[in-house]
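Take a look at the structure set out below.
The values are calculated or read from the model by the stated rules, or taken from the named source; none is laboratory data. Source: prediction; values computed, not measured. Cβ atoms come from the backbone with ideal geometry, glycine included; neighbour counts cover every protein chain shown. These area figures cover heavy atoms from the full protein model, side chains too; ligands, DNA and RNA do not enter into them. Shrake-Rupley method; radii C 1.70, N 1.55, O 1.52, S 1.80 Å.
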Amino acid sequence: MFRIAYPYDPDELEAKHPPFVQDLIAMHEANQLQALMEISKMIAALKQLGLKSGFTKKMFDSPLYELKTHSRGGQKGGARAYLFRSNDNFLICRAECKVSNQPDPELLESAAYILLAFKTGRPVFPAWMKNPIQILGDNL
């Protein structure tokens with residue numbers, strides 16, 4: 001089984017929620033419930049099967065991945081999550097429900113920023129989390 005974690009923006013470690021959770025809250029407030037259910041299913045499959053889940057797609061020539069449904073259009077087909085991998089851990093940075101086929105450039109930039117911080121040793125988890133990947137991964 002793979003571990004899942006939700007990193008914070010390194011400049012906002014005191015935020016109430018990581019950006020991914022903030023995105024889910026915004027989707028809930030926008031009544032994008034079908035997209036939320038699809039993201040939940042894709043993350044469950046990612047945790048169970050890793051890259052073999054069938055929902056992961058490499059983003060361009062970068063270390064970022066996209067979780068996306070096989071559907072087209074609507075809330076279900078527009079459900080996306082952006083993440084990166086560290087060994088058997090998947091760090092999910094951002095999510096959206098989109099109409100077009102192109103990812104939101106601001107969300108991708110945010111995910112890339114979190115990835116760069118992580119790779120260069122900057123904290124992407126609040127200090128109160130002793131081993132965030134273990135803590136979060138075992139509780140999902």
Restricting segment 1-27 to residues that are hydrophobic (A, V, I, L, M, F, W, C) and in contact with a helix residue (DSSP H, G or I) (Cβ under 6 Å, 6 or more places away or on another chain), the one surrounded by the most Cβ atoms within 10 Å (Cβ to Cβ) turns out to be 5
Given (1) at pLDDT 90 or above; (2) over 23 Å from residue 17 (Cβ atoms); (3) part of a loop (DSSP other than H, G, I, E, B), index of the condition residue 52 fails: (3)
Residue under question is residue 56, and the condition is that it be open to solvent by less than 80 Å² (accessible area, probe 1.4 Å) and touching a residue at least 24 places away in the same chain (Cβ under 8 Å); does it hold? no
Subset of segment 1-16 that is part of a loop (DSSP other than H, G, I, E, B) and among the aliphatic types (A, V, I, L, M) - its residue that is nearest to residue 47 (Cα to Cα): 1
In this structure, is residue 85 under 29 Å from residue 128 (Cβ atoms) and among the charged types (D, E, K, R)? yes
All conditions in (1) part of a loop (DSSP other than H, G, I, E, B); (2) of a type in the set (S, T, N, Q); (3) under 14 Å from the mean Cα position of the chain (by Cα) are true of residue 62 except (3)
Go through segment 114-128 and report how many residues are in contact with a Leu (Cβ under 9 Å, 6 or more places away or on another chain) and not in a loop (DSSP other than H, G, I, E, B). 3
Of everything in segment 28-42 that's of a type in the set (A, V, I, L, M, F, W, C) and in contact with a helix residue (DSSP H, G or I) (Cβ under 9 Å, 6 or more places away or on another chain), which residue is nearest to residue 56 (Cα to Cα)? 42
